[in-house]
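To start, the structure under review is shown below, and the notes come after it.
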Amino acid sequence: MSGPVRAHLMTRGTLRGHDYTFLGDSPAEQWWDTVAGWVFMESEELIVRRNGESGAGLVISGIPSRRTDVLGTRVRHTVVLDDAQHDQRLAMWLVRCGLDDTERRRLGEALDAAFEADFVDALMSGADGDAGAVGSRLLDALRRAAGEQDAPEEEEDLTGSWAGPVHDEEAGRAFTARVRHLLSDGASPGYAFTTHALGTLDGVRRVASELPDDVAVLLHDGNLRGVERLKKAPVPAPRRDRATVGGRTRTLALALIGAAMTLGIWWLIRQL
């Protein structure tokens, strides 16, 4: 059963022991694990999945922060939305952030303002008892950053499975249309995600064959020139057992020989 939209933030603190984790409540299910083998969550990735009546989820990773850890390494945030279909305006803005570097940086600034270093360190140290309010604090920050957006011109969803380059305008519009479809009421299950891990059309075809539902994939790397349709890999024909085939051949030969002998004996008897 789906419920109100819920937001989760994965980040890290300053101290060495304050490694990446979800602040406050973690998502009930890491549903993005289904495609985890084909993305680099440490990089700029975007994953949207519709799981039928269970609702839609969205993950955006690699969000840049001004904060650094104790070694001076730049922190990157990950935001997860569960039941994203209940706030489509916010979800579609996060899709823009996933595809546009400028919007992604603006998202990072909004997260840094809402979750300053001292606050994050206090939460991870257990010194701040406000961990239960992280979700509402995060949603408020995201909605303020999203603001009032002009509704973009809606394009028709390109049905089926396909792939394209992430910086191609046509592919970007098709991806946005697919996500809008996945967020709509009564949408069938499906996936839309970007990837740094795949770079060839054959690789994406294998992914499409392994996933049970239609996929729309944008590649950060590779040599795709535009949107490419993906066909599910054909189901291999069942292998025929050579021993079985040979046995059947021998049986047929023996039957023919027996029939010939019977016919010959019958002919000889007729001649007597």
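Here are some conditions: (1) more than 18 Å from residue 33 (Cα to Cα); (2) open to solvent by 40 Å² or more (accessible area, probe 1.4 Å). Residue 196 meets all but one. Which one does it not meet?
Residue 196 satisfies every listed condition except (1).
For region 72-102, enumerate the residues that are touching a residue at least 12 places away in the same chain (Cβ under 8 Å), of a type in the set (Val, Ile, Thr) and open to solvent by 40 Å² or more (accessible area, probe 1.4 Å).
none
Across region 158-177, what is the total count of residues that are open to solvent by 10 Å² or more (accessible area, probe 1.4 Å) and under 17 Å from residue 58 (Cβ atoms)?
So the answer is 3.
Among the residues of region 44-71 satisfying the criterion of being among the small types (Gly, Ala, Ser) and either without any contact (Cβ under 8 Å) to a residue 12 or more places away in the chain or over 25 Å from residue 116 (Cβ atoms) (or both), which is most open to solvent (accessible area, probe 1.4 Å)?
It comes out as 54.
If residue 63 meets every condition in (1) of a type outside the set (Phe, Trp, Tyr); (2) in contact with a Ser or Thr (Cβ under 8 Å, 6 or more places away or on another chain); (3) closer than 28 Å to residue 212 by Cβ apart from one, which number is that one?
(3)
Would it be correct to say that residue 125 is open to solvent by 60 Å² or more (accessible area, probe 1.4 Å), under 16 Å from residue 11 (Cβ atoms) and touching a residue at least 60 places away in the same chain (Cβ under 8 Å)?
In short, yes.
Would you mind stating whether residue 14 is polar (S, T, N, Q) and surrounded by 13 or more Cβ atoms within 10 Å (Cβ to Cβ)?
So residue 14 passes the test.
So the check is Cβ under 6 Å with 6+ separation or different chains; which pairs have a first residue in region 189-214 that's on the phi < 0 side of the Ramachandran plot and a second one that's loosely packed, with under 15 Cβ neighbours inside 10 Å and polar (S, T, N, Q)?
The qualifying pairs are 196/43.
Results for (1) assigned to a loop (DSSP other than H, G, I, E, B); (2) of a type in the set (Ser, Thr, Tyr); (3) within 30 Å of residue 126 (Cα to Cα); (4) within 14 Å of the chain's Cα centre (by Cα), shown as yes or no for each residue.
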position	(1), (2), (3), (4)
24	yes, no, yes, no
28	yes, no, yes, no
37	no, no, no, yes
41	yes, no, yes, yes
64	no, no, yes, no
78	no, yes, yes, no
91	no, no, no, no
97	no, no, no, no
104	no, no, yes, no
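Could you tell me whether region 250-257 includes any residue that is under 27 Å from residue 52 (Cα atoms) and either of a type in the set (S, T, N, Q) or modelled with pLDDT of 90 or more (or both)?
Looking for residues that are under 27 Å from residue 52 (Cα atoms) and either of a type in the set (S, T, N, Q) or modelled with pLDDT of 90 or more (or both), one finds none in region 250-257, hence no.
Among the residues of region 1-11 satisfying the criterion of being among the aliphatic types (A, V, I, L, M) and open to solvent by 30 Å² or more (accessible area, probe 1.4 Å), which is nearest to residue 121 (Cα to Cα)?
So, considering only residues that are among the aliphatic types (A, V, I, L, M) and open to solvent by 30 Å² or more (accessible area, probe 1.4 Å), the one nearest to residue 121 (Cα to Cα) is 10.
Pick from 36, 56, 7: which is at pLDDT 95 or above and closer than 22 Å to residue 188 by Cα?
56
Being in contact with a helix residue (DSSP H, G or I) (Cβ under 9 Å, 6 or more places away or on another chain) and either among the hydroxyl-bearing types (Ser, Thr, Tyr) or modelled with pLDDT of 90 or more (or both) is the filter here; which residues of region 112-143 pass it?
Within region 112-143, 113, 114, 115, 123, 134, 137, 138, 139, 140, 141, 142, 143 qualify.
With respect to residue 185, is the statement that it is modelled with pLDDT under 95 and under 30 Å from residue 86 (Cβ atoms) true?
Spelling it out, residue 185 is indeed modelled with pLDDT under 95 and under 30 Å from residue 86 (Cβ atoms).
The values are calculated or read from the model by the stated rules, or taken from the named source; none is laboratory data. The structure displayed is predicted, hence computed values, not measured ones. Virtual Cβ from ideal backbone geometry, glycine too; neighbours counted across all protein chains shown. In case anyone asks, the SASA skips ligands and DNA or RNA and just uses the protein heavy atoms, side chains included. Shrake-Rupley method; radii C 1.70, N 1.55, O 1.52, S 1.80 Å.
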